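These notes are about the structure you will find just below.
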């Protein structure tokens with residue numbers, strides 16, 4: 001009798017959990033424009049992080065953008081100005097669950113008002129000298145999965161031009177770039193770099209140089225296989241080149257401590273949707289919470 005009672009209780013909790021985990025159809029990951037959500041009979045302004053129920057309606061205005069993720073983990077971008085019935089949108093989403101939801105939850109929690117408040121009140125804020133700050137993580141987090149590396153930096157004294165030098169671990173110069181901008185893309189498949197397991201990146205101008213070179217290091221074979229397995233588990237959902245997919249990939253990489261790859265995904269999301277403020281704001285928050293740049297109020301002139 002006791003065994004049957006335990007099974008009944010477990011069945012109840014399983015049912016409740018299943019209902020609660022499906023109490024929404026979509027979550028709003030990004031939002032641009034004066035879009036509105038209708039719940040019941042009332043229209044209200046749409047906000048990033050909102051959960052949309054199957055009985056709700058969504059009004060997307062002209063020149064707007066909404067990025068959604070279904071409760072199964074499937075991503076969806078809306079750009080056409082019209083009123084959508086959420087039930088109809090949900091019906092168009094293919095069947096099957098996805099682990100993508102894990103990373104969308106991570107993104108939303110990392111960029112919530114509470115997370116920003118906690119970051120602002122945290123002690124041990126970033127401290128930097130007066131040199132060029134390359135916005136890459138400390139060398140112990142220099143692992144990279146992707147072959148394309150997006151490097152950006154802050155220059156407190158000058159506006160360039162800048163020289164970017166890539167060396168091997170024996171301090172031999174392999175390649176040099178000249179640029180007037182504060183960012184550059186490095187291709188690890190470049191013949192001069194392809195056979196290197198680890199690289200050091202340095203940035204200089206005529207009057208200053210970076211505080212310290214930054215390490216770019218290939219993943220070990222074991223960890224590389226592990227990351228590939230995690231990506232395979234997400235299926236084909238994120239293979240399309242969309243801003244939303246890159247945004248989700250940024251969350252995936254950050255949660256797996258691949259901060260350099262996360263930077264690349266954020267920058268690609270911004271390039272694919274340059275007029276959507278959510279992606280730029282999330283990237284700035286990523287840099288601040290991981291202490292890759294200083295808050296504007298603490299910049300040294």
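The values are calculated or read from the model by the stated rules, or taken from the named source; none is laboratory data. A quick note: this is a predicted structure, and the numbers were derived from the prediction, not measured. Glycine gets a Cβ as well: all are built from the backbone with ideal geometry, and neighbour counts include every protein chain shown.
Per-residue answers, yes or no, for (1) without any contact (Cβ under 8 Å) to a residue 40 or more places away in the chain; (2) farther than 30 Å from residue 31 by Cα; (3) in a strand (DSSP E or B):
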| residue | (1), (2), (3) |
| --- | --- |
| 184 | yes, no, yes |
| 193 | yes, yes, no |
| 245 | no, no, no |
| 253 | no, no, no |
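Take the residues in segment 213-223 that are in contact (Cβ under 8 Å) with a residue 24 or more places away in the chain and either touching a helix residue (DSSP H, G or I) at 6+ places or on another chain (Cβ under 9 Å) or in a loop (DSSP other than H, G, I, E, B) (or both); name whichever of them is farthest from residue 153 (Cα to Cα).
The residue in question is 219.
Only one residue in 208, 178 is in contact (Cβ under 8 Å) with a residue 60 or more places away in the chain, over 30 Å from residue 30 (Cβ atoms) and in the same structural domain as residue 245 (by TED's automatic domain parsing), so which one is that?
Matching residue, one of 208, 178: 208.
May I ask you to say which residue of 113, 122, 91, 97 is exposed (fewer than 14 other Cβ atoms within 10 Å of the Cβ) and either within 15 Å of residue 252 (Cβ to Cβ) or modelled with pLDDT of 85 or more (or both)?
91
Consider segment 167-218. How many of its residues are at positive phi and surrounded by 13 or more Cβ atoms within 10 Å (Cβ to Cβ)?
Count: 0.
Scan 33, 53, 40 and give me the residue that is in contact (Cβ under 8 Å) with a residue 24 or more places away in the chain and on the phi > 0 side of the Ramachandran plot.
None of the other options fit; the residue is 33.
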